[in-house]
Amino acid sequence: MREARAEGKDNVDSTVPFDPGQSLDETVFAVFDVETTGLSPTYGHRICEVGCLRVRNGVELSRFESLVDPRRSISPGAFRVNRITADMLRGAPTFDQIAAPLLQLMEGSVLVAHNAPFDLGFLAVELEMARLPRPENPVVDSLALTRRTYRLARNSLSAVVAALGVEGRPTHRAMCDVWATWGVLERVIEELGHRRGISTVGQLIQFQGGPVPYPPAQDVTLPPTIAEALAKGECVQMRYVDARGRETERLVRPLRVTARGDVLYLIAHCYQRGERRTFRLDRVVEMGLA
């Protein structure tokens, strides 16, 4: 069995209750990211990699990362993004085998993720399947924070990292994206401290729009770009892999998202064809508001 990697320097204390007045400098954050076989656990997709970094006041306390055997294939769109192959997952532990060290790293912390509802949705389903309780920690969403702090053309993790000049480069692999997310959060905290005097966890969570709950079990968390385009009636530029494996650039105006079996589809007006088209969301490699 392939070994999961865990490193630690601190003693975790899960008995300390959350204090919204706690200073951000004193707060332990558990920054995490999951790579998945597709867009939604509602349609049977699973976690195939996880990374988590425990930090306080800019100092790493411990970390955990592991590939995860999802017991299913990776969708074409997900593979084009994370480049995780079946061979890489052969011999990897299943989620229930790595859940204990992951949950231990999260204990007594504030969870952080970029587009947190997506990661939380997959985490909740995996823990339910493993018959383990999900962490009820407070959650900070770096996506929500960057949207409220800056006026960026795009808010994907890679776009935010580039716009803010954060060190490192997200690669859609769990630990690399964890480090990028942590860099973004540090930059946002610094900005909000200077501009708005935000210095406590409670103030930070209030500024992002309030607590981030786990998505309902049957809720589908859409990619934020599509959700925003649908809400505003805007267009999306996307890279799409067709059934023959060919990758093309498409400018589309999303109309709605529907499901057939275990696959999500985007119904959109395609400007390349000049007509309404249907696109499998698991074949979308990259997208951004046009």
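The values are calculated or read from the model by the stated rules, or taken from the named source; none is laboratory data. On a predicted model such as this, the values are computed, not experimentally measured, just so you know. A quick note on method: Cβ atoms are made from the backbone with ideal geometry, for glycine too, and the neighbour counts reach across all protein chains shown. Please note that ligands, DNA and RNA were not included when accessible areas were found on the heavy atoms of the full protein model with its side chains. Shrake-Rupley method; radii C 1.70, N 1.55, O 1.52, S 1.80 Å.
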Exercise for review: DSSP loop (so not H, G, I, E, B), at most 14 other Cβ within 10 Å: list which trypsin sites (Lys or Arg not before Pro) in the range 219-290 pass both filters.
Suggested key: Arg244, Arg246, Arg273
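With all pairs of different alpha carbon atoms counted, what Kirkwood hydrodynamic radius in Å does the range 110-195 show? Write down the numbers at each step before the final one.
Working: mean 1/r = 0.0729 Å⁻¹.
The answer is 13.7 Å.
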Check your understanding: Pulled fully out, how much extra length does the chain show between Ala290 and Cys270, if you take 0.36 nm times their separation in residues and subtract their Cα-Cα distance?
Key -> 5.9 nm
Review point. Ranked from the most accessible area to the least, with a 1.4 Å probe and all protein chains present, what is the order of Glu128, Glu190, Glu35, Glu247?
Key: Glu128, Glu190, Glu247, Glu35
Study note, to complete from the structure: Under a 1.4 Å probe, counting only protein heavy atoms, Met88 has an accessible area in Å², nearest 10, of 50
Check your understanding: If eta is 1.306 mPa s and T is 10 °C, what Stokes-Einstein diffusion coefficient results for the chain, Kirkwood Rh from Cα pairs, in µm²/s?
Key -> 81
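For the chain, what is the accessible area per residue in Å², given a 1.4 Å probe and the full set of protein chains?
Numbers: 13990 Å² over 290 residues.
Ligands and nucleic acids excluded, the result is 48 Å² per residue.
In the range 33-186, carbon and sulfur make up what percent of the accessible area (probe 1.4 Å)? Intermediate results must be reported in sequence, preceding the final value.
Numbers: 2980 of 6120 Å².
Here it works out to 49 percent.
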Review point. From Cα coordinates alone, what are the radius of gyration and Dmax values for the range 104-260 in angstrom?
Key: 17.1, 53
Review point. Using θ = phi - 60° and the Karplus curve 6.51 cos²θ - 1.76 cosθ + 1.60, what whole-Hz ³J(HN,Hα) does each residue of the range 33-41 get, with Gly and Pro shown as x?
Key: 8, 10, 9, 10, 7, x, 8, 9, x
Practice item. Could you check what % of the DSSP bridge pairs in the chain are antiparallel, to the nearest 5? Key: 90
**Study point:** Within the range 96-253: Cβ-based charge dipole about Cα centre, in debye rounded to nearest 20 (Lys, Arg +1; Asp, Glu -1)
**Key:** 620
Review point. Rounded to the nearest 0.05, what FRET efficiency is calculated for Arg260 and Arg196 with R0 set to 41 Å and r the Cβ-Cβ distance?
Key: 0.35
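Counting residues in the range 161-245 as N, plug N into 2.2 N^0.38 Å and put the Cα Rg over that result.
On the way: Rg = 16.9 Å, N = 85, 2.2 N^0.38 = 11.9 Å.
After normalising by residue count via 2.2 N^0.38 Å, the value is 1.42.
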Exercise for review: Using a 1.4 Å probe and counting only protein heavy atoms, arrange His45, His194, His172, His269 so the residue with the most accessible area comes first.
Suggested key: His194, His172, His269, His45
Point to revise | the range 113-154-the range 195-215 distance, computed between alpha-carbon centres (Å) | key: 14
